[in-house]
1. Just checking, does segment 200-213 include any residue being surrounded by 14 or more Cβ atoms within 10 Å (Cβ to Cβ), over 30 Å from K95 (Cα atoms), of a type in the set (A, V, I, L, M) and touching a Leu at 6+ places or on another chain (Cβ under 7 Å)?
2. With within 27 Å of C7 (Cβ to Cβ) and in contact with a Gly (Cβ under 8 Å, 6 or more places away or on another chain) as the only criterion, which of S98, S92, S67 stands out?
3. Give K208, K148, K155, K203 a once-over and let me know the one that is at pLDDT 95 or above, under 23 Å from W87 (Cβ atoms) and not assigned by TED's automatic domain parsing to the domain that holds W87.
4. Do we find that S44 is of a type in the set (G, A, S), outside the structural domain of L207 (by TED's automatic domain parsing) and touching a residue at least 40 places away in the same chain (Cβ under 8 Å) in this structure?
5. Could you give me the residue pairs with C-beta distances under 8 Å whose first residue belongs to segment 71-97 and is exposed (fewer than 10 other Cβ atoms within 10 Å of the Cβ), whose second residue is assigned to a loop (DSSP other than H, G, I, E, B) wherever it lies, and which are 6+ apart or on separate chains?
6. Output the residue which, of all residues in segment 138-176 that are polar (S, T, N, Q) and either closer than 19 Å to N115 by Cβ or touching a strand residue (DSSP E or B) at 6+ places or on another chain (Cβ under 7 Å) (or both), is surrounded by the most Cβ atoms within 10 Å (Cβ to Cβ).
7. Name every residue in segment 1-34 that is assigned to a loop (DSSP other than H, G, I, E, B), of a type in the set (G, A, S) and crowded, with 17+ Cβ neighbours inside 10 Å, in order of residue number.
8. Of all residues in segment 35-70 being farther than 24 Å from G103 by Cβ and polar (S, T, N, Q), which is surrounded by the most Cβ atoms within 10 Å (Cβ to Cβ)?
Amino acid sequence: MAQRGLCSRREADRYIERGLVFVDGVRITELGTKISPDQKIELSQEGLARQSTQVTILLNKPVGYVSGQPEDGYKPAVDLIGTASRWKSDKSPRKFNSTQLKGLEPAGRLDIDSNGLLVLTQDGRIARKIIGEDSHVDKEYLVRVTGKISADGLKQLNHGLSLDGKKLKPAQVNWQNEDQLCFVLHEGKKRQIRRMCELVGLKVVGLKRVRIGKVMLGNLPPGQWRYLRDDEQF
């Protein structure tokens, strides 16, 4: 089910346990049931209705908040989601209620000392599209730096660096002005941009994510959020 993009693996388990999954019209209730590639998998109307109520939220995460689980002295970004912090320009007809916080998880991380676009979702299909092993969704960052870059530093940032003993995928990196770079990455290793910059003689002093796939941060104010619109796709 996850491979076919119907839901996440965790959601698949829940749907099967509740009897909401059918294979070639036959209800499946046993986890781990094996089927052939040509068999048809469907969710019941109740399963589809559950999916339609799942929300995806775009947050402009400020510095000082962690993306996922709370850490000593720091709050998780989900704590910022509430009625008062919803962007007044959000055009979504959805109404916020506290049940939308249940199962709301970050689709990818944004370091505590970084700010910008963070996606929080209840929908495993969206999480898989953004951070799944076969994801092709890129992410764009504006990065303010200090220091003197090595002679072939920009070339290395684009392709040629390794982290943790593994070569990085090609990136698109270019100067925006004398102290700011634009990074477009196709992977998301821990503190990747900061570590890449250190390898070529630069120190990151500010990092902001402005795009994930086709979805832009835009004018969303820091600390505020909005719903992903029906016409938006990553």
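1. Yes, segment 200-213 contains at least one residue that is surrounded by 14 or more Cβ atoms within 10 Å (Cβ to Cβ), over 30 Å from K95 (Cα atoms), of a type in the set (A, V, I, L, M) and touching a Leu at 6+ places or on another chain (Cβ under 7 Å).
2. Testing whether each residue is within 27 Å of C7 (Cβ to Cβ) and in contact with a Gly (Cβ under 8 Å, 6 or more places away or on another chain) leaves just S67.
3. Sole residue among the options that is at pLDDT 95 or above, under 23 Å from W87 (Cβ atoms) and not assigned by TED's automatic domain parsing to the domain that holds W87: K208.
4. no
5. T83/F96; K91/R229
6. N158
7. S8
8. Result: Q39.
The values are calculated or read from the model by the stated rules, or taken from the named source; none is laboratory data. Because the structure is predicted, anything quoted here is derived from the model rather than measured. Methodologically, a virtual Cβ is constructed for each residue, glycine included, from the backbone with ideal geometry; neighbour enumeration extends over all protein chains shown.
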